[in-house]
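For reference, the structure discussed in these notes is given below.
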Amino acid sequence: MHTEKIYTEYKKFNAKKVFYILIFTIILGIIALGALLHGPSSIGFKNSFTALFKETGIASAIVWELRLPRIIMAILTGCGLSIAGTVFQAILKNPLASPYTLGIASGAGFGAVLAIIFGGSLYSEYLIAGSAFFFAMLSSLIILSIARLKDPSPETMILAGIAIMFLFSSLSSFFQYIGTMEQVQEIVFWFFGSLSKTGWKEISIVSVMIFVPIPFLIKSSWKLNLLATGDESAKALGVNTTKLRMQGMIFASLITSACICFTGVIGFVGLVSPHIGRMLVGSDHRFLIPTSALIGTILVLVADTFGRILWAPQVIPIGIVTSFIGVPFFFYLLIRRTRGYW
Amino acid sequence: MLKVHGLKFKYKDRDILKKIEIQINKGEILSILGPNGTGKTTLLKCIAGIIKPQKGSFSIGSKNMSHIKRNSLAKQISYVPQSSPSKFPITVFEAVLMGRSPYIMWRPSEKDLKIVVNVLKFLKLEEFASKNFDQLSGGEKQKVLIARAVAQDTEYLLMDEPTSNLDLKHQMEIMEVISNMVKTKNVGAVFAMHDLNLASRFSDRIIMLSRGEVFCTGRPEEVITIENIKRVYGVNATIKNNNGILYVFPDKPVNNKNSNLINKPPNNQAHSEVFYDSKIKR
């Protein structure tokens, strides 16, 4: 083959990836606009549109205070969970890793359970979120310290994560067992995940916690590529694998905890979008991170919009809908897996 | 010249390497021989900076490399592992481009891409450039890993059993490509090897390791001797010399009764640079 051709082929290959990112950005824009203008309330399409730019009373309130925050939160969590999932899969070298693999979700769940049952007079949405965030980070810190004590290998981290997951799940079950009916109901609802209670304040908190670590992860893209080829190779090519793995874990955990502390557990997005991304643009994290973030946001947004419209005025919790879409797709992936994981 | 001085490596309570002294010259192929578990791979990994030895230092030229940053080390020494698992799909081009990593922060430069194109051509891998790495055969994969190390463009190249998974043709091809490169680009190459015949044929110098120590070093015909094979590997063998190329024919394992012979270097000659058996002197 002509050398010039190898070169142009690689360039074309990368141009294709940029093209995907552009296309998904446009799709996201269209879906977000659709979700903004359409909803279960009786204000029409046209009214919603004018309400965007003009104060029109009730329509404005619906668009600006209900729909828009919800859409932005859907984008934030979809983006955050997908990026965290991509990073976890890379640093744990495990295609089955997700933002929840290391027991982060059960940690967060336990935090929420504690706040709901023992919150007493302090009880508020923020207490639940704070407690969920604290225990989510705690579970990842425990795993980090175990990895530091023993060895920082993916296997150690995954096993420690599974142990933590069982610990927090059984603690949650125990407290649910002693809780009242109302409390248990609220706990169950929390575990479904929901975007219903989002306001601008939550959005600003979550955005800060997500957008501070993301640039670092994107900057490490090339090193993450090397990590996937094995620790030895990565080290021989100049990467401090232990440091990268620890940093990646802290930042990805931070993003995950920030996403789920207000919304509850939204399943499967973080597992599935990196895989769809890899199918489309390959494993170069410089392109994979943005692609899977876009796919994740689209998935969450579509799932939430379906959840709102399908059974209006009832809202089906987002965590349930994403799993409805996610699980069949996951099975499809497993069956399609002809060579290795693909 | 790369010098390793007083290298000691312990894993848990076991001494894997005890006081290793070696010297790697540019433009030379040095093979490390020895039975399983003598520390060949460990030695390579220590030099490549993948694992940290408890003791010892090493230097390139007059520069001490012991506390150098990993990224700077990767500009001087490349390492080809026995195999490179890839959990996620990458193309051959991308795999070779990874060799440029010590020079890439986020985006490979045009120069990096050109180097990769040339390396692919040099190793005759052009037709695989946009194929998926996982779809290649064992020999092709090995070649890609070598291409990655070549793209790294280092003065020293360490390879862990570069021919272990390959068929005859690939073995010869790879050894020829590398010995070619060593001479034309003045690279210092170190191989951990199992195949005594290949080692004697392609190496300029051989180090025989036994239980974590240098048993002897020298030119192939000095090191690969009936006596040394018996002592280090515990195998009786015959050696034929055909036009300067040695052929080792293993016969059978040495009887256990005589096992006190095995692994003990002959008197005072263990670390001598020149140690040979007059029987096969050409």
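For segment A:220-230, indicate whether the set of residues that are hydrophobic (A, V, I, L, M, F, W, C) and open to solvent by 20 Å² or more (accessible area, probe 1.4 Å) is non-empty.
no
Residue by residue, here is whether (1) touching a strand residue (DSSP E or B) at 6+ places or on another chain (Cβ under 9 Å); (2) facing chain B (nearest Cβ under 10 Å); (3) farther than 30 Å from B:L158 by Cβ holds:
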position	(1), (2), (3)
A:Q247	no, no, no
A:A252	no, no, yes
A:M279	no, yes, yes
A:V302	no, no, yes
A:R308	no, no, yes
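Let's see how each residue does on (1) under 25 Å from B:K183 (Cα atoms); (2) part of a strand (DSSP E or B); (3) open to solvent by 40 Å² or more (accessible area, probe 1.4 Å):
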{"site": "B:I20", "(1), (2), (3)": "no, yes, no"}
{"site": "B:Q23", "(1), (2), (3)": "yes, yes, yes"}
{"site": "B:K26", "(1), (2), (3)": "yes, no, yes"}
{"site": "B:L30", "(1), (2), (3)": "yes, yes, no"}
{"site": "B:P35", "(1), (2), (3)": "no, no, no"}
{"site": "B:T38", "(1), (2), (3)": "no, no, no"}
{"site": "B:L44", "(1), (2), (3)": "yes, no, no"}
{"site": "B:S59", "(1), (2), (3)": "yes, yes, no"}
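With respect to the numbered conditions (1) within 14 Å of chain B (Cβ to nearest Cβ); (2) touching a helix residue (DSSP H, G or I) at 6+ places or on another chain (Cβ under 9 Å); (3) surrounded by fewer than 18 Cβ atoms within 10 Å (Cβ to Cβ), which one is the sole condition not fulfilled by A:K12?
Looking at each condition in turn, A:K12 falls short on (2).
With touching a His at 6+ places or on another chain (Cβ under 6 Å) and closer than 26 Å to B:N186 by Cβ as the only criterion, which of B:S57, B:S78, B:S66, B:S31 stands out?
None of the other options fit; the residue is B:S57.
Considering (1) outside any helix (DSSP H, G or I); (2) within 23 Å of A:L76 (Cβ to Cβ), say which one A:S204 fails and leave the rest.
It is condition (1) that A:S204 fails.
Hey, can you tell me all the residues within segment B:78-101 that are over 21 Å from the mean Cα position of the chain (by Cα) and either at the interface with chain A (Cβ under 7 Å from one of its Cβ atoms) or outside any helix (DSSP H, G or I) (or both)?
B:S86, B:K87, B:F88, B:P89, B:I90, B:T91, B:F93, B:E94, B:S101
Given segment A:231-316, what helices (runs of 4 or more DSSP H) lie entirely inside it while holding 2 or more residues that are among the basic types (K, R) and more than 17 Å from the chain's Cα centre (by Cα)?
So the answer is A:241-263, A:285-309.
Looking at segment B:40-64, which of its residues are in contact (Cβ under 8 Å) with a residue 12 or more places away in the chain and either over 17 Å from B:L30 (Cα atoms) or of a type in the set (G, A, S) (or both)?
B:A48, B:G49, B:I50, B:I51, B:P53, B:Q54, B:K55, B:G56, B:S57, B:S59, B:G61
B:D134 passes all but one of (1) facing chain A (nearest Cβ under 7 Å); (2) acidic (D, E); (3) over 19 Å from A:E232 (Cα atoms); which number fails?
Of everything listed in (1) facing chain A (nearest Cβ under 7 Å); (2) acidic (D, E); (3) over 19 Å from A:E232 (Cα atoms), B:D134 misses just condition (3).
Here are the criteria: (1) touching a residue at least 24 places away in the same chain (Cβ under 8 Å); (2) in contact with a helix residue (DSSP H, G or I) (Cβ under 9 Å, 6 or more places away or on another chain); (3) aliphatic (A, V, I, L, M). Tell me which single one B:A237 does not satisfy.
Tallying (1) touching a residue at least 24 places away in the same chain (Cβ under 8 Å); (2) in contact with a helix residue (DSSP H, G or I) (Cβ under 9 Å, 6 or more places away or on another chain); (3) aliphatic (A, V, I, L, M), B:A237 fails exactly one: (1).
The values are calculated or read from the model by the stated rules, or taken from the named source; none is laboratory data. Just so we're clear, the structure is a prediction, and the values are computed from it rather than from any experiment. Positions of Cβ are generated from backbone atoms using ideal geometry, with glycine treated the same way; all protein chains shown enter the neighbour counts. Calculation scope for accessible area: heavy atoms of the full protein, side chains included, ligands and nucleic acids excluded. Shrake-Rupley method; radii C 1.70, N 1.55, O 1.52, S 1.80 Å.
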